[in-house]
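One structure below.
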Amino acid sequence: MDELKHYYKTMKHISLILMTLCVFSNAWAFKQKEITAVILSETTMSWNGSTLPSYPDGQPEITILKVTIPPKTELQWHKHPIINAGYIVSGKMKVETETNDVLYLNAGDTIVELIDTWHRGVNETRKPVELIVFYAGIVGTPLTILKD
């Protein structure tokens with residue numbers, strides 16, 4: 001009978017220790033999963049210093065594109081009629097305007113694009129460029145207009 005009491009008392013202590021460990025390990029694990037937010041861009045201007053235009057009236061439409069630019073590729077000259085911004089996921093690229101404004105971008109950089117200004121992206125490297133681009137316009141407005 002004494003052995004049975006000793007067994008239950010030991011099991012009670014072990015259970016208490018395990019419960020305490022679970023509580024502390026859960027608190028430690030929760031603390032390790034801290035959420036962070038970092039502002040990558042916050043501006044009222046495009047990358048060349050031009051002030052962004054007001055949003056047009058109409059039904060808002062958000063478009064998010066994943067764009068891959070192959071190595072040694074020049075995009076066509078184009079312009080955007082709506083506000084857009086991008087994040088360079090991987091690779092390096094150059095953005096240039098017809099008036100010779102130039103911006104060099106690397107993985108982790110952001111760009112707030114030019115509005116109604118002819119420009120193009122160029123991948124001069126041997127690796128693809130991958131970027132995510134966010135467009136904020138209204139329904140029916142094209143994202144990009146190509147130059148003839």
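Of note:
- In the stretch 42-141, the inverse of the mean reciprocal separation of distinct Cα atoms equals 14.0 Å; this is its Kirkwood hydrodynamic radius.
- Computed E for Thr51/Glu130 - FRET, C-beta separation, R0 22 angstrom, nearest 0.05: 0.15
- Across Lys33/Lys127; Lys66/Lys127; Lys66/Lys147, pairs whose alpha-carbon gap is larger than 27 Å: Lys33/Lys127
- Within a straight-line Cα-Cα reach of under 15 Å, Lys92 can be paired with the following aspartates and glutamates, leaving aside sequence neighbours fewer than 8 residues apart in one chain: Glu74, Asp109, Glu124, Glu130.
- For Leu114, residues with placed amide H under 5 Å, excluding near neighbours: Trp47
- Label zone (Trp118, point 7 Å along Cα-to-C-beta; backbone nitrogen cut-off 16 Å) within the stretch 64-94: 75-81.
- Qualifying GluC sites (Glu not before Pro) in the stretch 77-148, DSSP loop, other Cβ atoms within 10 Å at most 13: Glu98, Glu124
- For the stretch 39-51, Karplus couplings with θ = phi - 60° (6.51, -1.76, 1.60), whole Hz, Gly/Pro x: 6, 8, 8, 7, 7, 10, 10, 6, 5, 9, x, 6, 5
- Working note: Karplus 6.51/-1.76/1.60 with θ = phi - 60° gives the stretch 82-94 the couplings 10, 5, 8, 9, x, 10, 7, 6, 8, x, 9, 8, 10 Hz, where Gly and Pro are set to x.
- Thr141 sits among other residues whose Cβ lies under 13 Å from its own Cβ, and their net charge, with Lys and Arg +1 and Asp and Glu -1, is -2.
- Trypsin sites (Lys or Arg not before Pro) restricted to DSSP loop in the stretch 44-148 with at most 13 other C-beta within 10 Å: Lys72, Arg126, Lys147
Every read-out reported here was derived from the displayed coordinates using simple, explicitly stated rules and does not represent laboratory data. Every value quoted in this text rests on a predicted model; they were computed, and no experiment measured them. Reconstructed Cβ throughout: ideal geometry from the backbone, glycine too, with neighbour counts over all protein chains shown.
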